[in-house]
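The values are calculated or read from the model by the stated rules, or taken from the named source; none is laboratory data. Everything quoted here is computed from the prediction, not taken from an experiment. Please note: Cβ atoms are built from the backbone with ideal geometry, for glycine as well, and neighbour counts cover all protein chains shown.
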């Protein structure tokens, strides 16, 4: 089958760990859409757990090949970055020696693979920078700074070797330029390719009552607020719990609404990896916070929810709370809006480019009071949430659908192969 807008190409994707995070979702979306456009697509990775992955990676849409899973992810819970570099470079070396040339290789997260991927003449390398890794790493001690210095140099140097660099938002593009000053001086300006969401996957949930059998005893009445994020401290999930507690206290003291304490609840769901100490520790911290805030009976924790469970939760909630500050982009707001649910998010980073304030949701200061005020507006007038939800769906369909993403990516790749900068 010929693709739209260009010739059929052999395209490889090189991704570190094919799990269920936002970066993995983007890589899988890229593979799905490029395959749908007629390209021969193949994903290479250092880890792929078939029990904890996106369905598209195991349904035969494209092949997934794993190299280097035997290599350590860390050494005594240290040297995570070095181990990630080694694992990914091993994947790239295997691609070079064991496979014929690909027309284009789409790499992301670990730029150190780019020089290896370019060993084969004629292969174009496209690098997708979700965010500069050096800004995500800790530089709190002299030892850490010494450890990171060569890695930071490698990141900037190898990123500059790519034939094309993409980023996920204007926010990240600005951060990229101010961080990689050597690349900026060379005139390298990354292009923005927004992540996407499969809008149609939410249609069934919208047309039918949500199946919440996985939440035994869940009350059928009342209003549910939903927070979806990985259980990591940088996701600032504590803000959702504190904002919900503030809302509950406001409801108790207000005579302006008939919504009682028993009829509002918060579900905290998202990615959870038992292997990661931070995930385990942060979940416990959040449970303790709910007790301290006096809302433990109204907050439900659901780690490691499946895609079908997430869709059911989106169908059951009145709005979604998105709490990370200065998030690079954020896929959860797109999923919420595709499911016709307004989003209450921090007025910073990627959400400023995806959420339309007072039309598809609210952009707030990262304080419990600010979030609670926006939540109260939606709670006091549910029709407001319905109108915002319809606006949100239309907004996502026109700007952030997977089809739009695929066509833009295909256009970039075709230009890259033709040598058009």
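Across the stretch 270-285, the number of residues qualifying as surrounded by 20 or more Cβ atoms within 10 Å (Cβ to Cβ) and closer than 14 Å to residue 239 by Cα comes to 1.
Being assigned to a loop (DSSP other than H, G, I, E, B) and either in contact with a helix residue (DSSP H, G or I) (Cβ under 7 Å, 6 or more places away or on another chain) or under 25 Å from residue 281 (Cβ atoms) (or both) is the filter here; which residues of the stretch 195-212 pass it?
Here is the first cut: in the stretch 195-212, the residues assigned to a loop (DSSP other than H, G, I, E, B) are 195-196, 198, 208-212.
Selection gives 195, 196, 198, 210, 211, 212.
Every condition in (1) over 17 Å from the mean Cα position of the chain (by Cα); (2) surrounded by 22 or more Cβ atoms within 10 Å (Cβ to Cβ); (3) in a loop (DSSP other than H, G, I, E, B) is met by residue 18 except one, and the failing one is (1).
Just to check your reading of the model, which residue among 299, 291 is surrounded by 22 or more Cβ atoms within 10 Å (Cβ to Cβ), over 27 Å from residue 29 (Cβ atoms) and over 18 Å from the mean Cα position of the chain (by Cα)? Show your work before the answer.
Details: 291 fails: surrounded by 22 or more Cβ atoms within 10 Å (Cβ to Cβ).
Step by step, each of 299, 291 is checked, and only 299 is surrounded by 22 or more Cβ atoms within 10 Å (Cβ to Cβ), over 27 Å from residue 29 (Cβ atoms) and over 18 Å from the mean Cα position of the chain (by Cα).
Would you call residue 201 surrounded by 14 or more Cβ atoms within 10 Å (Cβ to Cβ), over 30 Å from residue 417 (Cα atoms) and modelled with pLDDT under 95?
Details: surrounded by 14 or more Cβ atoms within 10 Å (Cβ to Cβ): yes; over 30 Å from residue 417 (Cα atoms): yes; modelled with pLDDT under 95: yes.
Answer is yes for this residue.
One line per residue, one yes/no per condition, for (1) within 24 Å of residue 20 (Cβ to Cβ); (2) touching a residue at least 12 places away in the same chain (Cβ under 8 Å); (3) in the same structural domain as residue 384 (by TED's automatic domain parsing); (4) touching a helix residue (DSSP H, G or I) at 6+ places or on another chain (Cβ under 9 Å):
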residue: 140; (1), (2), (3), (4): no, no, no, no
residue: 155; (1), (2), (3), (4): no, yes, no, yes
residue: 165; (1), (2), (3), (4): no, yes, no, yes
residue: 173; (1), (2), (3), (4): no, yes, no, no
residue: 214; (1), (2), (3), (4): yes, yes, yes, yes
residue: 230; (1), (2), (3), (4): yes, yes, yes, yes
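In the stretch 391-400, is there at least one residue being more than 21 Å from residue 130 (Cβ to Cβ) and more than 20 Å from the chain's Cα centre (by Cα)? Step through it out loud before you land on a result.
Looking only at the stretch 391-400, we keep the residues that are more than 21 Å from residue 130 (Cβ to Cβ), and these are 391-395, 397-398.
Right, trim to more than 20 Å from the chain's Cα centre (by Cα) and you get 391, 394.
Within the stretch 391-400, one or more residues are more than 21 Å from residue 130 (Cβ to Cβ) and more than 20 Å from the chain's Cα centre (by Cα).
Suppose we filter 71, 18, 9 for residues that are at negative phi and touching a residue at least 60 places away in the same chain (Cβ under 8 Å); which single one remains? Break it down stepwise before answering.
Details: 71 fails: touching a residue at least 60 places away in the same chain (Cβ under 8 Å); 18 fails: touching a residue at least 60 places away in the same chain (Cβ under 8 Å).
Unique residue meeting the criteria: 9.
Of the numbered criteria (1) in contact (Cβ under 8 Å) with a residue 24 or more places away in the chain; (2) touching a helix residue (DSSP H, G or I) at 6+ places or on another chain (Cβ under 8 Å); (3) more than 20 Å from residue 412 (Cα to Cα), the one residue 108 fails is (3).
Count of the stretch 36-57 residues, restricted to those that are part of a loop (DSSP other than H, G, I, E, B) and in contact with a helix residue (DSSP H, G or I) (Cβ under 7 Å, 6 or more places away or on another chain), is 4.
Among the residues of this structure, residue 57 does not count as one that is surrounded by fewer than 19 Cβ atoms within 10 Å (Cβ to Cβ), touching a strand residue (DSSP E or B) at 6+ places or on another chain (Cβ under 6 Å) and over 17 Å from residue 125 (Cβ atoms). As a summary of the residue check, residue 390 satisfies the conditions (1) crowded, with 22+ Cβ neighbours inside 10 Å; (2) closer than 24 Å to residue 197 by Cα; (3) free of Cβ contacts under 8 Å to residues at least 60 places away in the same chain except for the one numbered (1). Across the stretch 145-170, the qualifying residues are those that are more than 21 Å from the chain's Cα centre (by Cα) and part of a loop (DSSP other than H, G, I, E, B), and the one among them that is farthest from residue 86 (Cα to Cα) is 163. In the stretch 301-309 there is no residue that is in contact (Cβ under 8 Å) with a residue 12 or more places away in the chain and farther than 24 Å from residue 212 by Cβ.
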